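Notes for the one structure printed next.
The values are calculated or read from the model by the stated rules, or taken from the named source; none is laboratory data. Small disclaimer: the values here were computed from a predicted structure and weren't measured. Because the Cβ atoms are built from the backbone with ideal geometry, glycine has one as well, and the counts that use them run over all protein chains shown.
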Amino acid sequence: MKTEKVIIEVSTDGLYSAYMPSDEYNIGLAGYGDTEQEAIEDFYECVSEMRELEEAEGRTFPDLQFQFEHAVGYVVPESASYFVAEDSEGYNEDKSEARQ
């Protein structure tokens, strides 16, 4: 299983995005939302939808897990006190590890 970096950003209009900058797999993965958590959840929905599409077209979706990182200059909101990772089995959340 390979770990891929996912960048979390907030735009000037206050909307959040979570995207995988690597295009190694030719599958654009991104999520958006009004909060950081919504963007991460939308990212996982994108992963699920892309996995289904790849499999429906006879391709294998890569076995990935994700490491979320904030963009340079990003100010972490106080409400962001969780760490999220995904493995091939789906979404796992560990609220015991705070982001820095």
Test residue 4 against the criterion of being more than 14 Å from residue 65 (Cα to Cα) and either among the acidic types (Asp, Glu) or part of a loop (DSSP other than H, G, I, E, B) (or both), and give yes or no. no
Need the failing condition index for residue 86 against (1) at pLDDT below 95; (2) of a type in the set (Asp, Glu); (3) surrounded by fewer than 16 Cβ atoms within 10 Å (Cβ to Cβ), just the number. (3)
Condition test on residue 44, is it under 18 Å from residue 61 (Cβ atoms), modelled with pLDDT of 95 or more, of a type outside the set (Gly, Ala, Ser) and surrounded by 15 or more Cβ atoms within 10 Å (Cβ to Cβ)? yes
Can you run down the residue pairs with Cβ atoms below 6 Å, 6 or more apart or on separate chains, where the first is in the range 24-43 and in contact (Cβ under 8 Å) with a residue 40 or more places away in the chain and the partner is among the aromatic types (Phe, Trp, Tyr) and buried (at least 17 other Cβ atoms within 10 Å of the Cβ)? 36/16
State the number of residues belonging to the range 29-55 that are hydrophobic (A, V, I, L, M, F, W, C) and in a strand (DSSP E or B). 1
